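Enquirer: Here it is, the structure in full.
The values are calculated or read from the model by the stated rules, or taken from the named source; none is laboratory data. The structure displayed is predicted, hence computed values, not measured ones. Cβ coordinates were reconstructed from backbone atoms using ideal geometry, including for glycine residues, and neighbour counts include every protein chain displayed.
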Amino acid sequence: MKLPKKLVRSLIFASLTSVAFLTRPLPWKWGVRLGGFIGALLYYLLRRERAKSLEGLRIAFGADKPERALHQILKKSFQNLGKGLIEILKFENLNPDQIESLITIEGEEYLEEAESQGNGTILITGHLGNWELMAAALSLRGYPLHVIAAPLYDPRIDEWIVRLRSRFQVETISRGSPSSSKKILGVLRKKEVLGLLIDQDTKVNGVFVNFFNKKAYTPAGAAELALRSGAATMMCFITRLPNDHHRITIQKPMMLVQSADHQKDVEINTARFTSRIEEHIKQYPDQWVWMHRRWKTKPEKHGQGE
């Protein structure tokens with residue numbers, strides 16, 4: 001029997017608040033270990049999500065890795081998501097010194113240099129590692145960070161996440177809101193930092209680019225904004241380390257392809273950003289969110305061939 005959506009959402013919200021309450025007294029490392037156990041349990045319980053995730057893994061690695069290896073990657077991915085969930089739920093108990101102790105940053109000089117140039121900074125990343133922890137860590141380092149995020153399906157969870165971000169001075173710009181465009185431009189005019197995730201197939205203006213050798217509908221907003229604003233544009237990733245600490249890697253600012261054909265430039269630069277994300281996923285395949293249906297939108301439905 002299929003439960004009503006409203007009931008399912010209420011059960012999810014109740015589960016999250018309960019887990020947050022129960023893990024509050026736990027030391028950080030034990031909470032994270034518990035998250036790994038929860039993730040492994042969900043790997044076995046959520047058969048539909050497991051099957052959907054394996055479809056994506058087969059597209060990405062099926063030609064190079066045996067089925068058993070794909071299952072191992074996916075189980076570790078679920079474990080990492082469980083760890084990340086507990087980390088986020090424990091944000092309310094973290095202080096800046098604790099976050100500082102969990103994080104190392106490589107390439108921070110690129111952010112410092114961009115800050116001095118005066119056109120603002122665009123950080124592009126994907127749903128790899130604990131991206132919420134990355135935002136908090138960079139903000140605490142003194143970089144005024146604003147993230148563009150779609151409202152979540154449950155307003156209660158959405159408000160919770162926005163509040164957790166704001167605790168570490170990370171401002172949320174709600175994607176698609178009437179004031180979002182004005183806020184985005186305001187961030188760059190104030191020489192601040194804008195964070196975007198571009199690795200999911202969502203209902204926004206996008207282009208088809210290769211992702212693991214298959215056309216994937218990809219948000220074009222980052223390329224559009226970078227081309228029009230002149231902001232320093234760089235890729236930024238967070239990686240979970242074996243000891244459950246994290247490494248943030250900020251890459252050298254990208255030289256954008258610019259020509260008389262703006263639409264072509266958007267496609268080319270979006271493809272370049274996506275290629276960087278793919279490279280990182282290849283290095284750390286168990287740290288990406290495989291349950292997202294990355295190739296669900298088909299080129300033929302947009303009047304394009306494969």
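Enquirer: Can you pull out every residue in segment 238-269 that is under 17 Å from the mean Cα position of the chain (by Cα) and either closer than 10 Å to Ile124 by Cβ or at pLDDT below 95 (or both)?
Expert: Of everything in segment 238-269, just one residue is under 17 Å from the mean Cα position of the chain (by Cα) and either closer than 10 Å to Ile124 by Cβ or at pLDDT below 95 (or both), namely Gln251.
Quick grid of which residues meet (1) modelled with pLDDT of 95 or more; (2) touching a helix residue (DSSP H, G or I) at 6+ places or on another chain (Cβ under 7 Å); (3) in a loop (DSSP other than H, G, I, E, B); (4) charged (D, E, K, R):
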| site | (1), (2), (3), (4) |
| --- | --- |
| Ile12 | no, no, no, no |
| Ser18 | no, no, no, no |
| Ser53 | yes, yes, no, no |
| Arg58 | yes, yes, no, yes |
| Asp64 | no, no, yes, yes |
| Ala69 | yes, no, no, no |
| Leu74 | yes, yes, no, no |
| Gln79 | yes, yes, no, no |
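Enquirer: Another one. Can Glu115 be described as under 22 Å from Ala226 (Cβ atoms) and surrounded by 15 or more Cβ atoms within 10 Å (Cβ to Cβ)?
Expert: Judged against the criteria, Glu115 is a match.
Enquirer: Pairs, please: C-beta under 8 Å, at least 6 apart or cross-chain, first residue of a type in the set (Ser, Thr, Tyr) and in segment 142-157, second part of a helix (DSSP H, G or I) and buried (at least 20 other Cβ atoms within 10 Å of the Cβ)?
Expert: Tyr143/Leu111
Results for (1) modelled with pLDDT of 95 or more; (2) within 30 Å of Ile59 (Cα to Cα); (3) surrounded by fewer than 15 Cβ atoms within 10 Å (Cβ to Cβ), shown as yes or no for each residue.
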site: Ile161; (1), (2), (3): no, no, no
site: Ser174; (1), (2), (3): no, no, no
site: Ser179; (1), (2), (3): no, no, yes
site: Leu227; (1), (2), (3): yes, no, no
site: Met234; (1), (2), (3): yes, yes, no
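Enquirer: Would you say Arg167 is under 28 Å from Ile99 (Cα atoms), touching a strand residue (DSSP E or B) at 6+ places or on another chain (Cβ under 8 Å) and among the basic types (Lys, Arg)?
Expert: No.
Enquirer: To continue, here is another question. Inspect segment 182-201 for any residue being farther than 26 Å from Lys90 by Cα, buried (at least 21 other Cβ atoms within 10 Å of the Cβ), aliphatic (A, V, I, L, M) and free of Cβ contacts under 8 Å to residues at least 60 places away in the same chain and give the result as yes or no.
Expert: Yes.
Per-residue answers, yes or no, for (1) over 15 Å from the mean Cα position of the chain (by Cα); (2) within 25 Å of Ser229 (Cβ to Cβ); (3) surrounded by fewer than 21 Cβ atoms within 10 Å (Cβ to Cβ):
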site	(1), (2), (3)
Asp97	yes, no, yes
Tyr110	yes, yes, yes
Thr125	no, yes, no
Leu128	no, yes, no
Leu152	no, no, yes
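Enquirer: Quick test of your reading of the structure: Phe37 fulfils all but one of (1) in contact with a Gly (Cβ under 8 Å, 6 or more places away or on another chain); (2) surrounded by 15 or more Cβ atoms within 10 Å (Cβ to Cβ). Name the failing condition by number.
Expert: (2)
Enquirer: Would you say Lys282 is farther than 29 Å from Lys52 by Cα, surrounded by fewer than 21 Cβ atoms within 10 Å (Cβ to Cβ), under 22 Å from the mean Cα position of the chain (by Cα) and not hydrophobic (A, V, I, L, M, F, W, C)?
Expert: no
Enquirer: Can you find a residue that is of a type in the set (S, T, N, Q) and under 18 Å from Leu128 (Cβ atoms) anywhere in segment 85-103?
Expert: There is no residue in segment 85-103 that is of a type in the set (S, T, N, Q) and under 18 Å from Leu128 (Cβ atoms).
Enquirer: Pairs needed: first member in segment 27-46, assigned to a helix (DSSP H, G or I); second member anywhere, surrounded by fewer than 14 Cβ atoms within 10 Å (Cβ to Cβ) and not β-branched (Val, Ile, Thr); C-beta distance under 8 Å; at least 6 residues apart or different chains.
Expert: Trp28/Gln98
Enquirer: From the list Val289, Val257, which residue is farther than 24 Å from Val147 by Cα and among the hydrophobic types (A, V, I, L, M, F, W, C)?
Expert: Val257
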